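Just so it is clear, none of the values below were taken in a lab; they were calculated from the coordinates. Owing to the predicted nature of the structure, the values given are computational and were not obtained by experimental measurement. Backbone-built Cβ (ideal geometry, glycine too); neighbour counts: all protein chains shown.
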Amino acid sequence: MSWLGTAESARADRAPSVIPGPGNGPDAAPAVPPALLPGIPRQREPRQALAEAAEPAVPRTPPRRRLLPGPVGTPFTFGYGLLLVATSLFAEYADPALVSELLQGSSTDVVHLAQAPLLVLLASALWIAGGVTSAYALGFLFVLTALERRIGGLRTAAVFFGGHVLATLATEVPVAFSVAAGRLPESSLHRLDYGISFGVMTSIGALAGLLPAWLRWPLLAGVGYLAVTDLLAYADPMTEWGHLLSLTLGVAGWPLLRRWRTRLARPAPLLGDLDHPALQGVRTY
């Protein structure tokens, strides 16, 4: 073979291959696979990168938001809901004397708060006043499901129990001072107080801040109207004041809740993954 034939063979070996596809012809420019960058892990192989680039982009279907809780998407609401169903069935079918004794022991009145505050604050949130068919039971189911899908389980638990504890203390501590000042009878120290209503009202106020305006303000107006109407009826003023306070606590937490939602929705950067959305636009060397 002549030296000219040897040169032509070497040039053919070094020539880049053309990736077949639409628009490739005799005049098509060859597609050169990108080289791997040294020292950067988790890089795709050149042929794999070109194959993925040649594939048409398929739009992703956004995940469907369910109204009811589930063990995967909303584990806190699902697990807590099952516990409330169990205690409600127990209260419905167990011995009435035993149920009455347990409810009295779970009451967050002044006497029990002075004796065992942590125990009664936790135990009082294990019962639903009115059972599983009450308005607060339905509110718990839908509101906490929507809230947990937006800010996560641990933060939803913090909102719920934070409102439950703060509203309980804000309504019972004034009772203790009023009894000590002689403005209320001593029987007010033993009032029966239990349930999830304070936590649900706080969660409603919190969820409203994460909804679009056309849902936020009607929700707040409707729930606020019901709370004020119950307060004016003066059937249980301390509890109704607690409902309004709980709703206000949820609204007061809007700035923090929005930061939580933004932080939860932000993709976490992966080291060495140059195609991750969090690293797009970052200059590499």
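The largest-to-smallest principal axis extents of the Cα set in segment 117-241 are 48, 32, 26 Å.
Compute the FRET efficiency between Thr262 and Trp241 as 1/(1 + (r/R0)^6), taking r as their Cβ-Cβ distance and R0 = 41 Å, and round to the nearest 0.05. The partial results should precede the final answer.
Details: r = 33 Å, r/R0 = 0.81.
Efficiency, from the Cβ-Cβ distance: 0.80.
Calculate the FRET efficiency for Ala86 and Leu122 from the Cβ-Cβ distance with a Förster distance of 22 Å, rounded to the nearest 0.05.
Details: r = 16 Å, r/R0 = 0.71.
E(calc), rounded to 0.05, equals 0.90.
Excluding Val111 itself, what net charge comes from residues whose Cβ is under 14 Å from its Cβ, given Lys and Arg +1 and Asp and Glu -1?
-3
Pairs of Cα atoms in segment 68-181 fall into 5 Å distance bins, from 0 up to the last occupied one, in shares of 2, 11, 18, 20, 19, 15, 9, 4, 1, 0, 0 percent.
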